[in-house]
2 protein chains.
Amino acid sequence: MNKIQNASEDLLNAGIKPSYQRIKIYEFIIKNLTHPTVETVYKKLSKEIPTLSRTTVYNTLKLFEKKELIRSVNIEENEMRYDGQKHIHGHFKCTVCGEIFDFNYNYNDLEFSGLDDFVLNQTDVMIKGICKKCRIKNS
Amino acid sequence: MNKIQNASEDLLNAGIKPSYQRIKIYEFIIKNLTHPTVETVYKKLSKEIPTLSRTTVYNTLKLFEKKELIRSVNIEENEMRYDGQKHIHGHFKCTVCGEIFDFNYNYNDLEFSGLDDFVLNQTDVMIKGICKKCRIKNS
DNA sequence: ATTCATATTTGTAATGGTTACAAAATTAAA
DNA sequence: TTTAATTTTGTAACCATTACAAATATGAAT
(Lines give C-alpha, C1' and ligand atoms only; values in the text may rest on other atoms or scores of the structure.)
Protein backbone atom coordinates (compact mmCIF):
# COMPACT_ATOMS: atom_id res chain seq x y z
CA MET A 1 0.00 0.00 0.00
CA ASN A 2 3.00 2.31 -0.28
CA LYS A 3 2.46 5.31 -2.45
CA ILE A 4 5.28 6.58 -4.61
CA GLN A 5 6.30 9.83 -3.02
CA ASN A 6 5.46 12.81 -5.18
CA ALA A 7 7.28 15.98 -4.25
CA SER A 8 4.73 18.42 -5.64
CA GLU A 9 1.88 16.62 -3.93
CA ASP A 10 3.68 16.57 -0.61
CA LEU A 11 4.39 20.28 -0.82
CA LEU A 12 0.82 21.12 -1.77
CA ASN A 13 -0.53 18.99 1.06
CA ALA A 14 1.66 20.97 3.42
CA GLY A 15 0.37 24.26 2.03
CA ILE A 16 3.56 25.12 0.15
CA LYS A 17 3.57 26.28 -3.44
CA PRO A 18 5.74 23.80 -5.33
CA SER A 19 8.29 26.00 -7.07
CA TYR A 20 11.16 24.49 -9.03
CA GLN A 21 13.71 25.12 -6.27
CA ARG A 22 11.42 23.84 -3.54
CA ILE A 23 10.72 20.62 -5.40
CA LYS A 24 14.42 19.99 -6.00
CA ILE A 25 15.35 20.75 -2.38
CA TYR A 26 12.55 18.59 -1.03
CA GLU A 27 13.49 15.69 -3.32
CA PHE A 28 17.09 15.97 -2.23
CA ILE A 29 16.18 15.85 1.45
CA ILE A 30 13.89 12.82 1.21
CA LYS A 31 16.31 10.91 -1.01
CA ASN A 32 19.50 11.71 0.93
CA LEU A 33 18.83 10.52 4.45
CA THR A 34 22.34 11.30 5.64
CA HIS A 35 21.30 14.36 7.66
CA PRO A 36 22.80 16.88 5.21
CA THR A 37 23.69 20.44 6.15
CA VAL A 38 22.55 23.52 4.24
CA GLU A 39 25.98 23.70 2.66
CA THR A 40 25.73 20.11 1.44
CA VAL A 41 22.32 20.67 -0.09
CA TYR A 42 23.53 23.89 -1.68
CA LYS A 43 26.71 22.38 -3.13
CA LYS A 44 25.00 19.33 -4.58
CA LEU A 45 22.00 21.13 -6.05
CA SER A 46 24.09 23.98 -7.43
CA LYS A 47 25.39 21.61 -10.11
CA GLU A 48 21.84 21.11 -11.30
CA ILE A 49 20.59 24.64 -10.59
CA PRO A 50 23.53 26.99 -11.20
CA THR A 51 21.59 30.08 -10.09
CA LEU A 52 20.61 28.56 -6.74
CA SER A 53 21.26 30.74 -3.73
CA ARG A 54 22.28 29.69 -0.25
CA THR A 55 19.57 31.93 1.13
CA THR A 56 16.96 29.96 -0.78
CA VAL A 57 18.21 26.74 0.76
CA TYR A 58 18.17 28.28 4.23
CA ASN A 59 14.68 29.72 3.82
CA THR A 60 13.24 26.67 2.13
CA LEU A 61 14.46 24.19 4.71
CA LYS A 62 13.15 26.42 7.50
CA LEU A 63 9.80 26.60 5.72
CA PHE A 64 9.67 22.82 5.31
CA GLU A 65 10.41 22.40 9.00
CA LYS A 66 7.72 24.87 10.03
CA LYS A 67 5.21 23.01 7.89
CA GLU A 68 6.41 19.75 9.48
CA LEU A 69 7.56 18.24 6.20
CA ILE A 70 11.07 17.61 7.49
CA ARG A 71 12.93 17.78 10.80
CA SER A 72 15.96 19.76 11.85
CA VAL A 73 18.65 17.88 13.74
CA ASN A 74 20.54 20.08 16.15
CA ILE A 75 23.27 17.63 17.08
CA GLU A 76 26.31 19.53 15.82
CA GLU A 77 27.73 22.37 17.84
CA ASN A 78 27.94 24.80 14.96
CA GLU A 79 25.67 23.91 12.06
CA MET A 80 22.16 22.53 11.60
CA ARG A 81 21.35 19.28 9.83
CA TYR A 82 18.10 18.23 8.20
CA ASP A 83 16.29 14.92 8.12
CA GLY A 84 13.61 13.86 5.66
CA GLN A 85 12.64 10.66 7.45
CA LYS A 86 9.06 10.52 8.67
CA HIS A 87 9.12 7.81 11.32
CA ILE A 88 10.15 8.49 14.91
CA HIS A 89 13.81 7.77 15.54
CA GLY A 90 16.79 9.02 17.46
CA HIS A 91 20.19 10.29 16.36
CA PHE A 92 23.60 8.99 17.35
CA LYS A 93 26.72 11.04 16.74
CA CYS A 94 30.07 9.29 16.70
CA THR A 95 32.53 11.63 18.38
CA VAL A 96 35.41 9.96 16.52
CA CYS A 97 34.37 10.02 12.86
CA GLY A 98 31.56 12.53 13.20
CA GLU A 99 29.02 10.43 11.36
CA ILE A 100 25.39 10.59 12.44
CA PHE A 101 23.41 7.36 12.67
CA ASP A 102 19.70 6.74 13.06
CA PHE A 103 18.38 4.39 15.70
CA ASN A 104 14.98 3.31 16.91
CA TYR A 105 13.71 3.63 20.44
CA ASN A 106 10.51 2.71 22.21
CA TYR A 107 8.84 6.06 22.50
CA ASN A 108 5.60 4.71 23.98
CA ASP A 109 7.23 3.29 27.05
CA LEU A 110 8.98 6.52 27.86
CA GLU A 111 7.38 8.15 30.88
CA PHE A 112 8.05 11.69 31.95
CA SER A 113 7.50 13.40 35.26
CA GLY A 114 7.58 17.12 35.74
CA LEU A 115 5.68 17.97 32.57
CA ASP A 116 2.10 17.77 33.81
CA ASP A 117 -0.21 20.02 31.79
CA PHE A 118 2.57 20.76 29.29
CA VAL A 119 1.93 20.35 25.56
CA LEU A 120 4.57 18.09 24.03
CA ASN A 121 5.07 18.74 20.34
CA GLN A 122 8.42 17.29 19.43
CA THR A 123 10.73 14.81 21.09
CA ASP A 124 14.40 14.39 20.24
CA VAL A 125 16.58 11.63 21.61
CA MET A 126 20.26 12.14 20.92
CA ILE A 127 23.17 9.99 21.92
CA LYS A 128 26.88 10.63 21.60
CA GLY A 129 29.50 7.94 21.69
CA ILE A 130 31.68 5.80 19.43
CA CYS A 131 30.31 3.91 16.45
CA LYS A 132 31.06 0.27 15.79
CA LYS A 133 33.58 0.93 13.02
CA CYS A 134 35.61 3.41 15.07
CA ARG A 135 35.47 1.21 18.17
CA ILE A 136 36.93 -1.75 16.29
CA LYS A 137 39.53 0.37 14.50
CA ASN A 138 40.89 1.77 17.78
CA SER A 139 41.16 -1.48 19.73
CA MET B 1 24.88 11.38 53.85
CA ASN B 2 25.02 14.42 51.58
CA LYS B 3 28.32 16.18 51.45
CA ILE B 4 28.44 19.94 51.22
CA GLN B 5 29.69 20.63 47.76
CA ASN B 6 33.14 22.15 47.74
CA ALA B 7 34.12 23.79 44.49
CA SER B 8 37.87 23.44 44.89
CA GLU B 9 37.55 19.79 45.81
CA ASP B 10 35.31 19.08 42.86
CA LEU B 11 37.73 20.76 40.49
CA LEU B 12 40.72 18.93 41.91
CA ASN B 13 38.90 15.62 41.71
CA ALA B 14 38.29 16.33 38.04
CA GLY B 15 41.94 17.12 37.47
CA ILE B 16 41.45 20.87 37.14
CA LYS B 17 43.59 23.39 38.94
CA PRO B 18 41.20 25.50 41.01
CA SER B 19 42.00 29.05 40.01
CA TYR B 20 39.94 31.96 41.27
CA GLN B 21 37.98 32.33 38.03
CA ARG B 22 37.36 28.60 37.70
CA ILE B 23 36.02 28.34 41.22
CA LYS B 24 33.66 31.27 40.70
CA ILE B 25 32.41 29.95 37.37
CA TYR B 26 31.92 26.46 38.75
CA GLU B 27 30.05 27.75 41.78
CA PHE B 28 27.82 29.85 39.58
CA ILE B 29 26.94 26.89 37.37
CA ILE B 30 26.08 24.51 40.21
CA LYS B 31 24.09 27.14 42.06
CA ASN B 32 22.18 28.55 39.09
CA LEU B 33 20.41 25.57 37.59
CA THR B 34 18.56 27.66 35.00
CA HIS B 35 20.72 26.47 32.06
CA PRO B 36 22.60 29.76 31.72
CA THR B 37 24.40 30.82 28.57
CA VAL B 38 28.01 31.98 28.42
CA GLU B 39 26.75 35.54 28.18
CA THR B 40 24.66 35.13 31.34
CA VAL B 41 27.57 33.70 33.30
CA TYR B 42 29.84 36.44 32.03
CA LYS B 43 27.42 39.27 32.81
CA LYS B 44 26.64 38.06 36.32
CA LEU B 45 30.20 37.24 37.33
CA SER B 46 31.61 40.41 35.81
CA LYS B 47 30.08 42.36 38.67
CA GLU B 48 32.12 40.33 41.11
CA ILE B 49 35.20 39.93 38.89
CA PRO B 50 35.51 43.11 36.84
CA THR B 51 38.49 41.84 34.87
CA LEU B 52 36.75 38.66 33.78
CA SER B 53 36.95 37.89 30.10
CA ARG B 54 34.33 36.21 27.91
CA THR B 55 37.06 33.99 26.53
CA THR B 56 37.77 32.69 30.02
CA VAL B 57 34.11 31.78 30.46
CA TYR B 58 34.03 30.04 27.09
CA ASN B 59 37.24 28.11 27.73
CA THR B 60 36.40 27.25 31.32
CA LEU B 61 32.93 25.88 30.58
CA LYS B 62 34.35 23.83 27.72
CA LEU B 63 37.02 22.50 30.06
CA PHE B 64 34.42 21.62 32.71
CA GLU B 65 32.39 19.78 30.11
CA LYS B 66 35.38 17.84 28.81
CA LYS B 67 36.19 16.77 32.37
CA GLU B 68 32.53 15.80 32.81
CA LEU B 69 31.92 18.23 35.65
CA ILE B 70 28.99 19.87 33.87
CA ARG B 71 26.88 19.26 30.76
CA SER B 72 26.26 21.39 27.72
CA VAL B 73 22.65 21.71 26.60
CA ASN B 74 22.36 22.22 22.86
CA ILE B 75 18.65 23.02 22.75
CA GLU B 76 18.80 26.56 21.36
CA GLU B 77 19.38 27.17 17.70
CA ASN B 78 22.08 29.76 18.17
CA GLU B 79 23.76 29.55 21.56
CA MET B 80 24.87 26.89 23.98
CA ARG B 81 23.58 26.49 27.50
CA TYR B 82 25.21 24.80 30.48
CA ASP B 83 23.80 22.62 33.20
CA GLY B 84 25.41 21.84 36.54
CA GLN B 85 22.95 19.17 37.58
CA LYS B 86 24.40 15.71 38.09
CA HIS B 87 21.41 13.39 37.89
CA ILE B 88 19.99 12.14 34.60
CA HIS B 89 17.18 14.31 33.30
CA GLY B 90 15.72 15.68 30.09
CA HIS B 91 15.17 19.23 28.88
CA PHE B 92 11.92 20.80 27.75
CA LYS B 93 11.91 24.06 25.80
CA CYS B 94 8.75 26.12 25.67
CA THR B 95 8.49 27.52 22.17
CA VAL B 96 6.33 30.38 23.45
CA CYS B 97 8.27 31.87 26.35
CA GLY B 98 11.61 30.22 25.59
CA GLU B 99 12.13 28.91 29.10
CA ILE B 100 13.89 25.59 29.56
CA PHE B 101 12.52 23.13 32.10
CA ASP B 102 14.00 19.97 33.54
CA PHE B 103 12.03 16.77 33.61
CA ASN B 104 12.70 13.26 34.80
CA TYR B 105 12.41 10.13 32.75
CA ASN B 106 13.16 6.53 33.43
CA TYR B 107 16.43 5.91 31.67
CA ASN B 108 16.08 2.17 32.05
CA ASP B 109 12.87 2.30 30.06
CA LEU B 110 14.75 3.64 27.05
CA GLU B 111 15.50 0.73 24.76
CA PHE B 112 17.46 1.29 21.60
CA SER B 113 17.81 -0.79 18.46
CA GLY B 114 20.31 -0.14 15.73
CA LEU B 115 23.23 0.65 18.03
CA ASP B 116 24.65 -2.83 18.59
CA ASP B 117 28.36 -2.70 19.42
CA PHE B 118 28.24 1.08 19.72
CA VAL B 119 29.67 2.79 22.80
CA LEU B 120 27.05 5.10 24.33
CA ASN B 121 28.61 7.91 26.32
CA GLN B 122 25.94 10.57 26.64
CA THR B 123 22.19 10.54 26.17
CA ASP B 124 20.08 13.65 25.71
CA VAL B 125 16.29 13.69 25.67
CA MET B 126 14.86 16.98 24.51
CA ILE B 127 11.24 17.95 24.09
CA LYS B 128 9.76 21.07 22.58
CA GLY B 129 6.24 22.28 23.22
CA ILE B 130 4.25 24.72 25.33
CA CYS B 131 4.69 25.04 29.08
CA LYS B 132 1.80 25.07 31.51
CA LYS B 133 1.89 28.80 32.12
CA CYS B 134 1.86 29.71 28.42
CA ARG B 135 -0.82 27.14 27.65
CA ILE B 136 -3.17 28.60 30.25
CA LYS B 137 -2.39 32.18 29.27
CA ASN B 138 -3.32 31.55 25.63
CA SER B 139 -6.58 29.72 26.17
C1' DA C 1 -0.67 39.48 -25.23
C1' DT C 2 -0.31 43.31 -21.58
C1' DT C 3 -0.59 45.13 -17.27
C1' DC C 4 -0.48 44.77 -12.60
C1' DA C 5 -0.02 42.69 -8.08
C1' DT C 6 1.97 39.03 -5.54
C1' DA C 7 5.22 35.50 -4.43
C1' DT C 8 9.73 33.68 -4.88
C1' DT C 9 14.54 33.84 -5.61
C1' DT C 10 18.89 35.92 -5.43
C1' DG C 11 23.20 38.27 -3.74
C1' DT C 12 25.24 41.13 -0.54
C1' DA C 13 25.75 42.96 3.84
C1' DA C 14 25.16 42.53 8.59
C1' DT C 15 24.65 39.83 12.85
C1' DG C 16 26.28 37.28 16.63
C1' DG C 17 28.12 33.24 18.99
C1' DT C 18 32.42 31.13 19.13
C1' DT C 19 37.39 30.43 18.46
C1' DA C 20 42.39 31.70 17.42
C1' DC C 21 46.01 33.94 18.98
C1' DA C 22 49.41 36.52 21.31
C1' DA C 23 50.35 39.53 25.09
C1' DA C 24 49.81 40.18 30.02
C1' DA C 25 49.31 38.40 34.49
C1' DT C 26 49.60 34.83 37.78
C1' DT C 27 51.44 30.75 39.91
C1' DA C 28 54.94 27.30 41.13
C1' DA C 29 59.39 25.60 41.34
C1' DA C 30 64.29 25.97 41.70
C1' DT D 1 64.79 36.21 42.65
C1' DT D 2 64.82 33.99 38.34
C1' DT D 3 62.76 31.19 35.44
C1' DA D 4 59.41 28.33 33.38
C1' DA D 5 54.76 26.97 33.01
C1' DT D 6 49.98 27.96 33.41
C1' DT D 7 46.09 30.89 33.26
C1' DT D 8 43.74 34.94 31.96
C1' DT D 9 42.71 38.62 29.00
C1' DG D 10 41.41 41.39 24.82
C1' DT D 11 41.25 41.77 20.08
C1' DA D 12 40.72 39.99 15.71
C1' DA D 13 39.05 36.53 12.87
C1' DC D 14 35.79 32.91 11.68
C1' DC D 15 31.60 31.24 9.96
C1' DA D 16 26.73 29.75 10.09
C1' DT D 17 22.76 32.25 9.78
C1' DT D 18 19.64 36.16 8.95
C1' DA D 19 18.12 40.81 7.15
C1' DC D 20 17.19 43.19 3.38
C1' DA D 21 16.29 44.99 -1.04
C1' DA D 22 16.64 44.24 -5.89
C1' DA D 23 15.62 41.02 -9.51
C1' DT D 24 12.91 37.47 -11.29
C1' DA D 25 9.01 34.56 -11.85
C1' DT D 26 4.11 33.59 -11.36
C1' DG D 27 -0.82 34.34 -11.85
C1' DA D 28 -4.94 36.85 -12.43
C1' DA D 29 -7.65 40.35 -14.73
C1' DT D 30 -8.53 42.97 -18.51
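List of remarks:
- Normalised by the number of residues in the range B:90-137, the mean separation of alpha-carbon contacts (under 8 Å, six or more apart) gives a relative contact order of 54 percent.
- Average beta carbon contacts from partner chains per residue of B:103-112, 10 Å cutoff: 5
- GluC sites (Glu not before Pro) lying in DSSP loop within the range A:19-96, provided at most 13 other Cβ fall within 10 Å: A:GLU48, A:GLU68, A:GLU77, A:GLU79
- For the range B:49-55, 3J(HN,Hα) per residue [Karplus equation, 6.51 cos²θ - 1.76 cosθ + 1.60, θ = phi - 60°, Hz, x = Gly/Pro]: 10, x, 8, 4, 10, 4, 4
- By DSSP, the beta bridges lying fully in chain B are antiparallel in about 65 percent of cases.
- Cβ-vector label at 7 Å, A:TYR20, separations to other copies in nm: 6.4
- Sequence-separation-based contact order of the range A:7-83, relative, with Cα cut under 8 Å and 6+ spacing, percent: 32
- Counting Cβ atoms of other protein chains within 10 Å of each Cβ in B:88-94 and taking the mean gives 3.
- For A:GLU9, inter-copy separations between label points set 7 Å beyond Cα along the Cβ vector come to 6.6 nm, shortest first.
- For the protein assembly as shown, accessible area per residue (1.4 Å probe, heavy atoms of protein chains only), Å²: 59
- Convex hull volume of the protein assembly as shown per residue (C-alpha atoms, cubic angstrom): 202
- A DSSP coil position with no more than 14 other Cβ atoms inside 10 Å describes the following trypsin sites (Lys or Arg not before Pro) in the range A:1-98: A:LYS3, A:LYS47, A:LYS67, A:LYS86.
- Entries in A:LYS67/B:LYS93; B:LYS31/B:LYS137; A:LYS66/B:LYS133; A:LYS44/A:LYS66; B:LYS44/B:LYS86; A:LYS62/A:LYS93 that, when Cα-Cα distance is taken, lie over 25 Å: B:LYS31/B:LYS137
- Within the range A:7-83, the proportion of Cα pairs with more than 19 Å between them is 28 percent.
- Gap separating the Cα centres of the range B:12-33 and the range B:63-86, nearest whole Å: 14
- Within chain B, helix-based [θ] at 222 nm, where runs of 4 or more DSSP H residues each add -39,500 (n - 2.57), nearest 500: -10500 deg cm²/dmol
- For peptide B:127-137, the mean count of partner chain Cβ atoms within 10 Å of a residue's Cβ comes to 4.
- Computed about the Cα centre, the dipole magnitude for the range A:53-139 is approximately 620 debye when only Lys and Arg (+1) and Asp and Glu (-1) carry charge, each at its Cβ.
- Share of carbon and sulfur in the accessible area of the protein assembly as shown stands at 48%, probe radius 1.4 Å.
- Working from Cα pairs under 8 Å separated by at least six residues, relative contact order for chain B is 19 percent.
- Bridge orientation summary for the range B:90-137: considering DSSP beta bridges with both residues in this region, about 50 percent are antiparallel.
- Percent antiparallel among DSSP beta bridges (both partners in the protein assembly as shown, rounded to 5): 80
The values are calculated or read from the model by the stated rules, or taken from the named source; none is laboratory data. Note that the structure is predicted; figures quoted are calculated from it, not measured. Quick reminder, even Gly has a Cβ in these numbers, built from the backbone with ideal geometry, and neighbours come from all protein chains shown. Accessible surface is based on the protein model in full, side chains and every heavy atom, while ligands, DNA and RNA are left aside. Shrake-Rupley method; radii C 1.70, N 1.55, O 1.52, S 1.80 Å.
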